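All remarks here apply to the structure that follows.
The values are calculated or read from the model by the stated rules, or taken from the named source; none is laboratory data. Only a predicted model underlies this, so the values are computations on that prediction, with no experimental measurement involved. All Cβ positions, glycine included, derive from the backbone under ideal geometry; neighbour counts span all protein chains shown.
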Amino acid sequence: MVIVTGGTGYIGSHTCVELIGNGYEVVILDNLSNSEESVLDSIEEITGTRPQFFNVDIDNATQLAAVFEKIGSQAKSVIHFAAKKAVGESVKEPLAYYRNNLDSLMNILVEMERFQIPNLVFSSSCTVYGQPEVCPVTEATPRKEAESPYGNTKSMCEDIIRDTARAQSLKAISLRYFNPIGAHESAKIGELPVGIPNNLVPYVTQTAAGIRKELTIFGDDYDTEDGTCIRDFIHVVDLGKAHLQALRKLETETIRSSYDIFNIGTGKGSSVLELVNTFKQATGIAINFKVGPRRDGDITAVFADTTKANTVLNWKAELGLEEGLRSSWNWEQNYRSKKA
Ligand code: NAD
Ligand code: UDP
């Protein structure tokens, strides 16, 4: 059995589909603070299996301990997605972010030790690299001081896991995701941003749907080929598969403790303008956009060297930007038509 925290969320739900499709029994823990319970119906429609679900605040040690009393002794592994993730909000409410993201992880680690659960996969982020001197970044590229409390929670969580794996029986992997986009091909699960999206792709699909008037491209005077920022956009289905490979690696290791880090991206940088143009190729819809000023804290360019994940995890991104954008658009349309 695998315990998946944050399993009704965007990346968690896609990972649950991959896990179930590969024969894993999945139990989801989520407090639905940024997701909907109906995601369980969608996972069941896609896979034919409804995962067991506990509505629990992982931040609350007593609540979490009560859930682990029920399932902890059957679990072999934990994938820990649950976290608050809005960068701007974290700047305004740092304590809420430190409390939620750090306490949740520490509560999970305590329960894993109590029930002798050996394997942990953790959601980290390329945000730990900040503005890198050289691209692509490898796992050996030094981390930079975080641009936001959110980013800092990722660095701090990585360190907490590393230190815990040194001190007790724990095999752990941190996956540093680059920019997740896309949705399952069924269009039954996808990203559900609350309010006005901060991220590029939901803003693009909402503009295409007529919910937003126009996209603002934040700056076209960067030192890149077309002047807009460069990111590594990784399809969420590929991302889900990376978790499966990470879990397989941990489950076959015979040592008592280990800790490792992997970049999970495509290895290819694409600019913001390129993404807008690719959206038109993929869907036939031209996005209304204007160029505005740079957004504070944005990194000029970051993309992954994925050699380590390719060789050690035997994982490689298979889906490209066009597939990611087409699936995001299908999801946006399907979600709106269900809500209408
Ligand atoms: P999401 O918000 O869709 O999913 C996170 C889930 O965790 C939500 O369902 C939310 O309800 C739940 N949650 C939050 N706090 C909780 C708590 N205290 N108790 C129980 N449940 C709680 O986010 P996502 O995009 O799926 O991200 C998953 C993980 O990946 C997060 O750790 C995030 O920081 C990390 N990550 C995301 C991105 C991205 O761009 N989406 C990039 C890098 C890393
Ligand atoms: N971006 C943009 N307009 C938007 C949202 C994002 O131009 O409405 C740009 C942003 O400046 C960055 C890229 O798109 O260069 C990716 O931003 P996102 O917030 O999706 O992810 P980040 O890389 O910041 O985590």
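Remark: pairs (first residue in the range 37-59, under 10 Å from V17 (Cα atoms) and modelled with pLDDT of 95 or more; second residue among the polar types (S, T, N, Q) and in a loop (DSSP other than H, G, I, E, B); Cβ separation under 6 Å; 6+ apart in sequence or on different chains) = I46/S186. Applying the criterion of being in contact with a helix residue (DSSP H, G or I) (Cβ under 9 Å, 6 or more places away or on another chain) and at pLDDT 95 or above to the residues of the range 292-314, the residue that is nearest to G227 (Cα to Cα) is V302. A172 meets all of the listed conditions (1) within 12 Å of ligand 1 (Cβ to nearest atom); (2) surrounded by 20 or more Cβ atoms within 10 Å (Cβ to Cβ) but one, namely (1). Of the residues that make up the range 177-200, is at least one farther than 23 Å from S123 by Cα and within 12 Å of ligand 2 (Cβ to nearest atom)? Yes, the range 177-200 contains a residue that is farther than 23 Å from S123 by Cα and within 12 Å of ligand 2 (Cβ to nearest atom). If the condition is being farther than 19 Å from S271 by Cβ and surrounded by fewer than 16 Cβ atoms within 10 Å (Cβ to Cβ), then the range 126-142 contributes E133, T138, A140, P142. May I ask you to say which residue of R256, R248, R212 is touching a Ser or Thr at 6+ places or on another chain (Cβ under 8 Å), surrounded by fewer than 23 Cβ atoms within 10 Å (Cβ to Cβ) and of a type outside the set (F, W, Y)? Just one listed residue meets the conditions, R256.
Inspect the range 270-282 for any residue being without any contact (Cβ under 8 Å) to a residue 40 or more places away in the chain, among the charged types (D, E, K, R) and assigned to a helix (DSSP H, G or I) and give the result as yes or no. Among the residues of the range 270-282, at least one is without any contact (Cβ under 8 Å) to a residue 40 or more places away in the chain, among the charged types (D, E, K, R) and assigned to a helix (DSSP H, G or I), which makes the answer yes.
Residues that are away from ligand 1 (no atom under 11 Å from the Cβ) and touching a helix residue (DSSP H, G or I) at 6+ places or on another chain (Cβ under 6 Å) number at least 1 in the following helices (runs of 4 or more DSSP H) confined to the range 42-155: 61-71, 94-98, 104-114. Scanning the range 145-156 for residues being surrounded by fewer than 23 Cβ atoms within 10 Å (Cβ to Cβ), modelled with pLDDT of 95 or more and out of contact with any Phe, Trp or Tyr (no Cβ under 6 Å at 6 or more places or on another chain) gives a total of 3. Scanning the range 25-43 for residues that are within 14 Å of I79 (Cα to Cα) and either surrounded by 23 or more Cβ atoms within 10 Å (Cβ to Cβ) or acidic (D, E) (or both) returns E25, V26, I28, L29, D30.
Candidates N310, N334: the one that is more than 18 Å from the chain's Cα centre (by Cα), touching a residue at least 40 places away in the same chain (Cβ under 8 Å) and more than 24 Å from E147 (Cα to Cα) is N334. For K70, indicate whether it is in contact (Cβ under 8 Å) with a residue 60 or more places away in the chain, basic (K, R) and away from ligand 2 (no atom under 16 Å from the Cβ). Criteria not met by K70.
Given the criteria more than 15 Å from ligand 1 (Cβ to nearest atom) and of a type outside the set (G, A, S), does E191 qualify? Against the criterion (more than 15 Å from ligand 1 (Cβ to nearest atom) and of a type outside the set (G, A, S)), E191 does not qualify.
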